[in-house]
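To start, the structure under review is shown below, and the notes come after it.
The values are calculated or read from the model by the stated rules, or taken from the named source; none is laboratory data. This one's a predicted model, so the numbers in the text were calculated from it and none came from an experiment. Glycine gets a Cβ as well: all are built from the backbone with ideal geometry, and neighbour counts include every protein chain shown.
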Amino acid sequence: MTDLAWLSGKQLAARIRRGDLSSLEALEALVARIERLNPAINAIVCTDLPRARRAARAADRARARGEALGPLHGVPMTVKESFDVAGLPTTVGFPEQRDHRPAQDAVVVQRLAAAGAIVFGKTNLPVAMADWQTFNPVYGTTANPWDTSRVPGGSSGGSAAALAAGLTPLEYGSDIGASIRNPAHYCGVFGHKPTIGIVPGRGHGLPPTVHDRDIAVVGPLARTAADLELLLGLTAGPDPHWQPGWALRLRPSTRRSLKGLRVGVLPSAATAEVDRSVQDVLLGLADAMRRAGARVSHEPALPFDLAEVHHVYLMLLRAATSGGVADAPYAQALARRPAVRDDDWAYESMLVRANTLPHREWHRWNAARMAIVEGWRGWFERFDVLLCPTAATTAFPHHQEGERWERMVSVNGRPQPGTTQMFWAGLGGVAGLPATVIPAGPAADGLPVGAQLIGARGADRDLLRVARLLEREGFAFQAPPGLD
């Protein structure tokens, strides 16, 4: 059953639909693999196998009766722990939430189930979904299947690790600071951060923040671009309870090849330097796009100051997440705020300012954000996609001591605060743009590099089509060595 572990979601659904494989057989094969491999990786952290087995048997009976089948009929899959699944805990890594077991599925989970999927378990994440590592006091540490001494990324680190290890065919995560994109890059899988607002976030996170937050989105991860397309198509659309009367019309893609695709390339930036080993992989991808007929520019002339974009993103990001700051640290931030200068962009100082941001000042930062949105709109009249890094390095070794901004990564032989590379999360994220991460190949250290493809608002389908075309050119998922 080793080959079964590497089937895409669409392939697995097709086999179940034809009767070549039962849903129960698919589930049991994954369970056996999880029992064998998950202890060393710790990607899948909670399951409801009795319910999943009942659902799989029911799916097999429905197929035998000739009933109409959904596009994911009988396909077992997992979701990030932060999504509500009735009966399973949603803790977001907080020990005090161990007994929080929602009675209703998140909207995304409801839509996956309506398509026939069987959500049998949940994958690990960092506390409060606030790290590019994945560890917490409830479930422990998740390792990267490529090298268990290294991180899988975060905050959807369990999602990407489970996919890379063949423990699940499909996953669903969330992203406010590259939480889909970063783990996809570190683990060598595909991930898509949708245009902001097109997939409902209700039922994601802990009360009272079980709704869409500023900058935040929910979106799919998979081992193929086609599965990203499928999952996005099944889950996108307005929330009928919160957006009655709304309709979503994503423009379809008519692209059939890479010929004529207008690509801007930004392999590094003074704001957040990228390691040369990662740049080399991205430049190799850009050259492959050029050979396939794309019009590639290495001078993308972005219409804004990159440092300013980074500042706007960090202020709005940490304002958006300030609601989750407990009373005691919030009081400490308020006490420290008068001593922090407005031009101090050290990460810790920015955090104090953003966490205590008055609403009137927030509007000023939002106005700066809208100027960036307009700048992107004009840029996308001349380009179709921006090719850029997802992070400054490949997956780094586990490092759980100290604050995030105190933990260093080595970039071109020099230490860089891990938080600096959040620039690559916010470049398009602050403007609500869609972004797809695809496997671009291994770096010199043998670890995967994910290329970030940023598109215009609402251009999700075209962006995913570009990902599929690149996949056909060989930029595809490769299984980590030794995971047969």
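Which residues, taken from the range 65-86, are in contact (Cβ under 8 Å) with a residue 40 or more places away in the chain and either of a type in the set (Val, Ile, Thr) or more than 21 Å from residue 142 (Cβ to Cβ) (or both)?
Answer for the range 65-86, where residues must be in contact (Cβ under 8 Å) with a residue 40 or more places away in the chain and either of a type in the set (Val, Ile, Thr) or more than 21 Å from residue 142 (Cβ to Cβ) (or both): 69, 70, 71, 72, 73, 74, 75, 78, 79.
Is there a residue in the range 396-406 that is farther than 16 Å from residue 318 by Cβ, in a strand (DSSP E or B), modelled with pLDDT of 95 or more and in the same structural domain as residue 269 (by TED's automatic domain parsing)? Checked the range 396-406: at least one residue is farther than 16 Å from residue 318 by Cβ, in a strand (DSSP E or B), modelled with pLDDT of 95 or more and in the same structural domain as residue 269 (by TED's automatic domain parsing). Which residues, counting only those in the range 293-332, are among the acidic types (Asp, Glu) and closer than 30 Å to residue 257 by Cα? Within the range 293-332, 299 is the sole residue that qualifies.
Please determine, by comparing only the residues of the range 61-85 that are more than 28 Å from the chain's Cα centre (by Cα) and not in a loop (DSSP other than H, G, I, E, B), which one is surrounded by the most Cβ atoms within 10 Å (Cβ to Cβ).
Going residue by residue through the range 61-85, those that are more than 28 Å from the chain's Cα centre (by Cα) are 61-69.
Applying the additional criterion that residues be not in a loop (DSSP other than H, G, I, E, B) yields 61-64.
Values: 61: 11, 62: 17, 63: 19, 64: 10.
Among them, the one singled out is 63.
When residue 102 is tested against (1) of a type outside the set (Asp, Glu); (2) more than 20 Å from the chain's Cα centre (by Cα); (3) in a strand (DSSP E or B), exactly one condition is not met: (3). Residues that are buried (at least 23 other Cβ atoms within 10 Å of the Cβ) and outside any strand (DSSP E or B) are absent from the range 435-454 altogether.
Which one of 55, 13, 5 is of a type in the set (A, V, I, L, M), touching a strand residue (DSSP E or B) at 6+ places or on another chain (Cβ under 6 Å) and at pLDDT 95 or above? Lay out the reasoning, then the answer.
On the way: 13 fails: touching a strand residue (DSSP E or B) at 6+ places or on another chain (Cβ under 6 Å); 5 fails: touching a strand residue (DSSP E or B) at 6+ places or on another chain (Cβ under 6 Å).
55 is the lone residue from the list that is of a type in the set (A, V, I, L, M), touching a strand residue (DSSP E or B) at 6+ places or on another chain (Cβ under 6 Å) and at pLDDT 95 or above.
Does residue 253 satisfy being small (Gly, Ala, Ser), in contact with a Leu (Cβ under 7 Å, 6 or more places away or on another chain) and surrounded by fewer than 19 Cβ atoms within 10 Å (Cβ to Cβ)?
Values: small (Gly, Ala, Ser): yes; in contact with a Leu (Cβ under 7 Å, 6 or more places away or on another chain): no; surrounded by fewer than 19 Cβ atoms within 10 Å (Cβ to Cβ): yes.
Considered against the rule, which asks whether it is small (Gly, Ala, Ser), in contact with a Leu (Cβ under 7 Å, 6 or more places away or on another chain) and surrounded by fewer than 19 Cβ atoms within 10 Å (Cβ to Cβ), residue 253 comes out as no.
The residue of the range 284-328 that is nearest to residue 449 (Cα to Cα), among those that are among the acidic types (Asp, Glu) and free of Cβ contacts under 8 Å to residues at least 40 places away in the same chain, is 287. Taking (1) more than 14 Å from residue 423 (Cα to Cα); (2) in a loop (DSSP other than H, G, I, E, B) in turn, residue 345 satisfies each apart from (1).
Could you check residue 278 against (1) buried (at least 21 other Cβ atoms within 10 Å of the Cβ); (2) in contact with a Cys (Cβ under 9 Å, 6 or more places away or on another chain) and say which number it fails? Among (1) buried (at least 21 other Cβ atoms within 10 Å of the Cβ); (2) in contact with a Cys (Cβ under 9 Å, 6 or more places away or on another chain), residue 278 violates only (2).
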